[in-house]
Structure formats: C-alpha cells, structure tokens
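**Q** My structure is below; once you've seen it, I'll send some questions.
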Amino acid sequence: MAPLVPVLSAPPAGAVPAAGPPTASSPPARNALERYVKQKPRWKRCEADTPAVLQCATIKVPLDYRVPGGKRIDLAISRIKSTAPGKRHGVLLSNPGGPGGQGIDTPLDMRKNLPKAVRQKYDLIGMDPRGVGRSSPVSCGMKPEDENWLRPYKEEAFAKDVAWARDVADKCRAKAGDRLPHITTRNTARDMDLLRAILGETKISFLGYSYGTYLGAVYTQLFPGRADRFVLDSAVDPKRAWRGMIQWWAEGAEPAFDRWTEWAAERSETYKLGATPKQVERTLWKLVAQADEKPIDVGGQLTTGDDIRSGLRSLVFTPEWATDEVVLLKRAAAGRPTSARKFAAFAGSAGSGRPGGAEVPSDNARASFFAVVCGDNSAAWSRDPERYRQDAIADKKRYPLFGDMASSIKPCAFWDRSAEPVTKVNNRVGSLVVQNEWDSQTPLPSGQALHAALRGSKMVTVRGGEGHGVYPNGNVCTDGAVNEYLLTGKLPAKDVICRATPKSNEEARKDRKRDALPGSPLPDRAPDRF
C-alpha cells in the first residue's frame, strides 16, 4: 500500500469541531464532520443483565478522517450519568488498556471504585475503541494457534515462525485490509474528540490505564485545547511504541528478578530455594533446564522450560507469588503430587481471552491489537527476518527470562506501511501520570518517559508498589492525589512520592479484572496487557 498523507496537521489535527457551528474560516474537513457532530445518541439499557444505570448507544464515525464523506463505522459508547447534576463538572471518559480492550463496561468499574465525590462530578463514559468489541469489530480469520505470538527463539523453528508471521499478516490483509490501516491510536483519539463534541462538551476528562495512557497522550498532542483533567495510570513510553514497549517486558523483568532472588534468599529457611540470591537463581535455572529436557508433569499438565520463563516473567514483580510458584514447581519436578490448578501462571495458552459477545469475532482482540501495534508506527518494525533472529539471540543473553520472546519475529514485520507518521508526544498539557515502582507491563522507566514527554504533567510514583494499574488502591497518598486532581483540576505543586502499603499491594493483586482483558497482548500464561 502506498504511503498516505497525514489526515490533518496540528492544531486542527483531529478535525473535529467544538460543539457549535463552524466558523467561516473552517477548513472543508471540519465542515464535512458537522453531520457527525449533529448525531443524537439513542441511549438505552445496555443489556438485560446489566444494571439499568449503565446506558449504551451507537454513533457513526468516519473510517478515514481524511474522507469524512466516505465509509462510516460504528462506535459503541456507554455512560452512567452524574449522581448529582448540580455538582457536575463534565464527562470522564475511560480506557482500560489493550490495544484491543473493550471499554463499554468501564463506567461500571468506575461507579464501583471511584469515591462518591468524583461520581457526582462527572458523567462516566465508556467506549469500545474502533475495530474492537461492538465498534465494527475487525477480524483476520485467525485460528487459535495463529494468536500465539510471543514465541521463544529456537534455531530449528525460526523459519516456521517467519512463515507464521507472514501468514498472519497476509490473513489480516485479505480479511480486513480496507479497514486495518485506519484502526490506529490517532484515529481512536479523533473518535474521542468527535464523541466529546456529540456530547456537547467543550473539553473532556480522561482516565486511561496502560495502553490508555498512550491513547490519552496522543489525544493531548492532537487536541491540546480540549484536554481537561487527564489521569494516565501505568504509562507507556511514547517513544517506544510499539516494538520497544514489548521489549520493555524483557528489560524490566531483570531488576525484578534480582529483587525476587534476594527476597527468597532472605527467607531460605521457609522456602528452601537457596540461602543466597545466586543459589536461588541456580535453583530456578535448573528447573528450566529440567523442563527443557523433559516437560514437568504438574497434575497431568506438561510444563516446558519456556512456559516457566514466560510465566515467571510477570510473577517476579510480586516476590511472594513468584516464590510460592517456584516452590510448587520444584515439588512437581521431584515427582511429588501437585495441583495443576496452582500452576496457571506457567500453563501454556495460545488464546487471547474471551471474545466479548456472540457478535464479536473470536480473534477480534488479537486482530485489533495487531492493527494498532503494527500500524501505529510501521517504521519501528524491520522488514528483514534476520534482524529479528539476531535480536532474539542477543536479547536472550541480555534478558534470559523473556528476551527472545519479546524480540523475535512478529506479524508486524510483514504489515503494510503506516497510513500516517507516528505521533511525537511533546506538549505542555496538564496531566497526572501515576506509576507503581514494580509494574510488569509498563516498568517505572516507561512511566518516567511519558512524564518527561508531557512537560506539563506531574507524576505520582508508588515506591514499593506492585502490580499493573494503581488507582484506586486504598492508598491514602495515591488515591488522595488523584482524587484531588479529578475534583479540583489542580495538579500537585511537584511530583509526589508515595509509599506502598500492604493493603494497596494486596488490592493490586486482587484486582485481576484489568489484567484479563480480551485485548491482552500476551497469552493467559504471561502478563496480561499494556
């Protein structure tokens, strides 16, 4: 596909007018979008089994914002209205992560978890991003085995993996080649702004997790004057979207691994994995070598060395969990009875999670994920398979747990060129970046990088904080900083350092819903999403 010119340039990059009539000097694209702005959502109860307070509607958006008079697609939206209209400030849109995560139900999560004062302040708005869930879902016609995309590097299997990557890209092109180039973060940000205008708001507030932080950052870049209060929780480094972010999973695991070996060694009398960090490390790698030679039978389920590496990559960010799992694995390796149920972390899985409804293609989560990860910035993905082979070999040495899986070949190597240039995030829009120190999906340096790119932002860092997704977690320091910003619009005077509490880390461990999104970029056995 030939390169396409950018849709629009900043400041009118999104080409969505503010609510109200266009001015005489409005460019043609803005005028052409007027018919979209005039839509009146037909709100109704979402499903018979969902609370009546959650209302859903479907609006139309342009497939290609450069041709607003062309093909249109559906955008599924939801809302829970402010509980105190007299105190209402505006709308708070949310994105739970992905790419490929459905957002229709997020207002219910916010209603459950956000304090009363915040729920009074906003209409809570959800949205399935374009191409996802109920928003004209895309499909590549992939079989379950096609979706297993984080493959360990094996010299004898690499040619087969290259063929798989090419085949997936070909399937996507054949099945949805007319739509996939437009399933991008930039266009989803434009959809957000069109939704803002349809709702009659001059500005929009936003709560984005993981991939949602990148979506929020892109929105601030395209629409700096329309961003109100933006909370970006567990942040993506915009300069590393997207191959570099996948490689972050390997890089970020190594300091977490060292922290885990120290933790386990200090408790050697209890766990008996080794009295020093080096001994704990040797114990682990002996188990990996044993499983590589012959998979370990865990309650009838065979666990390979690659399964162990992949599963432990996320577990080491919570040392107690990692230690419990390795103790059980060691028991199974010695031939002692062990429940397979306890080994979900090491269980191989090629699937991508629940499809999200009978009308949604089974591969929608993975197809929409590839569309964004490959299409946002195709220049980040080499077209030379040999480059991936060399990177996988080198990174397995640098980052033994996950380096080869993160760096080996992906379908993006054979994807069409991006329709637009990558978004360079560099603005002074006010926002609040929130980050745990020990986050398996978006490591602390990733959050710090987004904070640096958003020069008007402040950052809340949770020292000792574990898990992906911070707010709300019951920590008075972190919740207080976010709540104050959402309620008043005032950012902290300077960056905030909070200390994790046992309660806040326990909340992160219990809150698995965010990590089970259908758009999870990793199989169930590994960390769940950006």
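**Q** Any idea which residue in region 377-404 is nearest to Ala419 (Cα to Cα), counting only those that are assigned to a helix (DSSP H, G or I) and among the hydroxyl-bearing types (Ser, Thr, Tyr)?
**A** Checking each candidate, the answer is Ser378.
**Q** Here's another thing I want to ask about it. Tell me which of these Glu156 doesn't satisfy, since it passes every other one: (1) outside any loop (DSSP other than H, G, I, E, B); (2) under 21 Å from the mean Cα position of the chain (by Cα); (3) not basic (Lys, Arg).
**A** It fails just one condition, (2).
**Q** May I ask you to verify whether Tyr219 is assigned to a helix (DSSP H, G or I), closer than 19 Å to Val429 by Cα, within 11 Å of the chain's Cα centre (by Cα) and of a type outside the set (Lys, Arg)?
**A** In short, no.
**Q** Take region 195-213 and flag every residue that is part of a helix (DSSP H, G or I) and within 17 Å of Ile104 (Cβ to Cβ).
**A** The answer is Leu195, Ile198, Tyr211, Gly212.
**Q** Could you list, in sequence order, the residues of region 319-352 that are at pLDDT below 95, within 24 Å of the chain's Cα centre (by Cα) and not aliphatic (A, V, I, L, M)?
**A** Trp321, Phe346, Gly348, Ser349, Gly351, Ser352
**Q** Mind telling me which of the residues Pro518, Pro523, Pro502, Pro527 ends up being modelled with pLDDT under 95, in contact with a Gly (Cβ under 6 Å, 6 or more places away or on another chain) and of a type outside the set (Gly, Ala, Ser)?
**A** Pro518
**Q** Let me ask another. In region 199-216, which residues are over 19 Å from the mean Cα position of the chain (by Cα) and farther than 12 Å from Val91 by Cα?
**A** none
**Q** Ser418 is checked against (1) assigned to a loop (DSSP other than H, G, I, E, B); (2) in contact with an Asp or Glu (Cβ under 6 Å, 6 or more places away or on another chain) and fails just one. What number does that condition carry?
**A** Only one criterion is unmet by Ser418, namely (2).
The values are calculated or read from the model by the stated rules, or taken from the named source; none is laboratory data. Treat the numbers as computed from the prediction; the structure is a model and nothing was measured. Neighbour counts run over all protein chains shown; Cβ positions are idealised from the backbone, glycine included.
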